[in-house]
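The block underneath contains the structure these notes are about, expressed in C-alpha cells.
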DNA sequence: TATTAGTTTATAATAATTATAACTATGGAA
DNA sequence: TTCCATAGTTATAATTATTATAAACTAATA
C-alpha cells in the first residue's frame, strides 16, 4: 500500500484511491490485462468505479511510463506492468499473453537503415507451456 | 494481371474481379494499408465496391497465407503483403509502417521456455528515415 | 465559507469490425 | 435455352473498444 503510493508519487501521479487500486491489480496479475479485466477486478472493491476512470488512469500511467501498451491482440489494448524490457508470447490456444525473457540482437541498436529506433516491440505467437502439458495429459488418457 | 490470377489460383482462391484488384493494390503499395486505405483505392476503379468485400477478401487472403495481419497500430488492422519474413518500423511521426530487414537471434528457434513458437512478430517504434531528413532540411532553413 | 484544481462519473459519440440477409454472376444439368 | 446451385458481392444493422464531453464530486487552500 505504502509502496504503491510511493511508486505513483515517484512518477508524479497523485495517488488517489482508484489509482492505487488499479496499480495494485496490475501488480498482482501477470497476464497483461485489458481494460475490461481490470474493470471487473475493480468492481469487487469499488462497486461505483467507472470504466472511463480505468481508461483515464491507464493512459496517465502510460504517459508517465508506468505501464506499456501492447497492441498484440487485435480486439483491444493490453497493459504491461513490468520494469525490465522483455518480449511476449501470445498463446493461440488460451489467449494469454506471457512474458518471455529473450533479448533481440538489435536490442541496443538505436539506428537501422537510417531510421531512428526508440522502442522495440516483439512478440511470439504459439502455444504456451501450460496448454502443451494439458495436451499431453489429454493424450495419455 | 495474368500473374495476379495465377497467384490467387495457386492459393486456391477463385480470382474474381474484386479479388484481383485488391491483390493488385496490395502489390503496388508498400506501406501496409488498413482496410480503409484499400477501400479508397478500390473506389477509383470499382465505384460499387463494398467495404464488407474488402474485409471478406482480406480475411480469405490471410487464411490462405497470402497476407499477414499486423496488429501494430492500436486503431485498426494493417495488412502485410510480402513473401519473406521481416520486421517493421512504425514511424511515430508520419504513422507509416515500413519494412525492415532484420533477423532476430531466435528466428529459427521453435521452442522457448517450454512454449512452442509458431510465429514471430516484431516491430520497432521510432522515426523513419524520411521524417528525419525532413527534420534536417527544416533546421537548415 | 468560498473557491479552485484535479479526479471521477455518467452519458453520448465515434469508428473498426462482424453478422445477417438479400442480391448477382457463373457454370453445369436438364 | 432455361433452371438451379453455389460462390461471391453488396447493403444494412449490430457489436464493441475507445474517446469526447460535461456534470458531479473531493480535497486542499485562501
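The values are calculated or read from the model by the stated rules, or taken from the named source; none is laboratory data. If you're wondering where the values come from, they're calculated on a predicted model, not measured in any experiment. Note that each Cβ is placed from the backbone with ideal geometry, even for glycine, and that neighbours are counted across all protein chains shown.
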- Query: From the list B:36, B:84, which one is farther than 23 Å from residue A:88 by Cα and either within 18 Å of the chain's Cα centre (by Cα) or surrounded by 15 or more Cβ atoms within 10 Å (Cβ to Cβ) (or both)?
  - Reply: B:36
- Filtering the stretch B:76-92 for residues that are within 16 Å of DNA strand D (Cβ to nearest atom) and without any contact (Cβ under 8 Å) to a residue 12 or more places away in the chain leaves a count of 0
- Check residue A:97 against each of (1) assigned by TED's automatic domain parsing to the domain that holds residue A:130; (2) within 13 Å of the chain's Cα centre (by Cα); (3) within 15 Å of DNA strand C (Cβ to nearest atom) and name the one condition it does not meet. (3)
- Give the number of residues within the stretch B:59-72 that are closer than 19 Å to residue B:91 by Cβ, part of a loop (DSSP other than H, G, I, E, B) and more than 9 Å from DNA strand C (Cβ to nearest atom). 1
- Message: Among the residues of the stretch A:31-54, are any within 12 Å of DNA strand D (Cβ to nearest atom), within 14 Å of chain B (Cβ to nearest Cβ) and in a helix (DSSP H, G or I)?
- Response: yes
- Item | Single unsatisfied condition, residue A:75 versus (1) within 28 Å of residue B:114 (Cα to Cα); (2) within 14 Å of chain B (Cβ to nearest Cβ); (3) within 16 Å of DNA strand C (Cβ to nearest atom); (4) surrounded by 13 or more Cβ atoms within 10 Å (Cβ to Cβ) | (4)
- Which of the residues belonging to the stretch B:10-29 are within 14 Å of DNA strand C (Cβ to nearest atom) and over 17 Å from the mean Cα position of the chain (by Cα)? B:14, B:15, B:16, B:17, B:18
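When you go through A:99, A:135 one by one, which is the residue that is more than 9 Å from chain B (Cβ to nearest Cβ) and part of a strand (DSSP E or B)? Break it down into steps so the answer makes sense when it comes.
On the way: A:135 fails: part of a strand (DSSP E or B).
Only one candidate passes the filter, namely A:99.
With the structure loaded, tell me whether residue A:56 is loosely packed, with under 13 Cβ neighbours inside 10 Å, modelled with pLDDT of 95 or more and farther than 30 Å from residue B:100 by Cα or whether it fails that test.
Values: loosely packed, with under 13 Cβ neighbours inside 10 Å: no; modelled with pLDDT of 95 or more: yes; farther than 30 Å from residue B:100 by Cα: yes.
In short, no.
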